[in-house]
Amino acid sequence: IDGLRVSAHPDSPYAAGPTGLAIRERRPVWMNDIPNDSRTTPWRERVREYGWVAAVSIPLLREGEAVGALTIYSKTDQGFDEDTRGLLVEMAADLSFALDVLARDARREQAEQRLRQSEARYRTLFAESGVPMLLIESSTGRIVDANLAAAEFYGHDVAALRRMDVRQVDTLPEADLESRMAPLIGGQRMRFTAEHRLASGERRDVEVFTASVSVDGSCSENVTSNA
């Protein structure tokens, strides 16, 4: 079949054969007398040269879309009995399943690549920033992450900050702090001044900027504090 011209476009003269029909109509196509079948006229010379008598073409699907076909030619009109047809349909289904798996694997690889790129940006913009930054779960106040600049500013190492709650940093009474954090749960950007407590017990006025970020599908607040 090297050099055999086939098309699935309905306007092409090469689209009426078994392969074009199978792809275009997404169904198995059986032809038992291709030398005399008018649909195979463009390939009549090839049919005579190789003695093809019958053909079958079964669409190969990838996530529901026909992307190719399993096409087999036979030199006898007895080549595709009922059992053989069943086996070929099953074979095409297995190939289609494999294409689905490959497509899912490709999407997963793309997602993992995007995640790696996102993590690289995170390291550049968050972890390596010279501005003290805390990642706070807005619904609970738990400190999810902190950068090295925040560790240096607050006097706690990063591991210790990750075990803390914003209430251990902000000096506002809890009721006032919850009122201030309420808009953050809805993703509202905010800018305000606050008084934060350092590890030494010292209290420092800071200017706080907030922005929502998504962590593992949940919303947290990326809080940057400038002394």
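The values are calculated or read from the model by the stated rules, or taken from the named source; none is laboratory data. For clarity, every value in this text was computed on a predicted model and none was experimentally measured. Methodologically, a virtual Cβ is constructed for each residue, glycine included, from the backbone with ideal geometry; neighbour enumeration extends over all protein chains shown. Accessible surface is based on the protein model in full, side chains and every heavy atom, while ligands, DNA and RNA are left aside. Shrake-Rupley method; radii C 1.70, N 1.55, O 1.52, S 1.80 Å.
For region 189-202, the set of residues classified as over 17 Å from E137 (Cα atoms) and either open to solvent by less than 50 Å² (accessible area, probe 1.4 Å) or in a loop (DSSP other than H, G, I, E, B) (or both) consists of F192, A194, H196, L198, A199, S200, G201, E202, listed by residue number. Could you tell me which of the residues D81, D94 is over 22 Å from the mean Cα position of the chain (by Cα), open to solvent by 90 Å² or more (accessible area, probe 1.4 Å) and under 30 Å from A55 (Cα atoms)? Within the list D81, D94, the selection yields D94. Across region 123-154, the qualifying residues are those that are in contact with a Leu (Cβ under 9 Å, 6 or more places away or on another chain), at pLDDT 90 or above and among the small types (G, A, S), and the one among them that is nearest to E207 (Cα to Cα) is A150.
For first residues located in region 15-38 and basic (K, R), partners that are open to solvent by less than 70 Å² (accessible area, probe 1.4 Å) and lie 6+ apart or on another chain with Cβ distances below 6 Å form the pairs R24/A8; R26/P59; R26/A66.
Exactly one residue out of R180, R123, R162 is exposed (fewer than 13 other Cβ atoms within 10 Å of the Cβ) and at negative phi, and it is R123.
So, R107, is that one under 24 Å from the mean Cα position of the chain (by Cα) and exposed (fewer than 12 other Cβ atoms within 10 Å of the Cβ) or not? Please lay out each step first, then the result.
Details: under 24 Å from the mean Cα position of the chain (by Cα): yes; exposed (fewer than 12 other Cβ atoms within 10 Å of the Cβ): yes.
Yes.
Taking region 195-207 as the region of interest, how many residues are in contact (Cβ under 8 Å) with a residue 12 or more places away in the chain and either over 40 Å from the mean Cα position of the chain (by Cα) or on the phi > 0 side of the Ramachandran plot (or both)?
9
Of the residues making up region 2-18, just one is within 10 Å of W43 (Cβ to Cβ) and either among the hydroxyl-bearing types (S, T, Y) or surrounded by fewer than 11 Cβ atoms within 10 Å (Cβ to Cβ) (or both), namely Y14.
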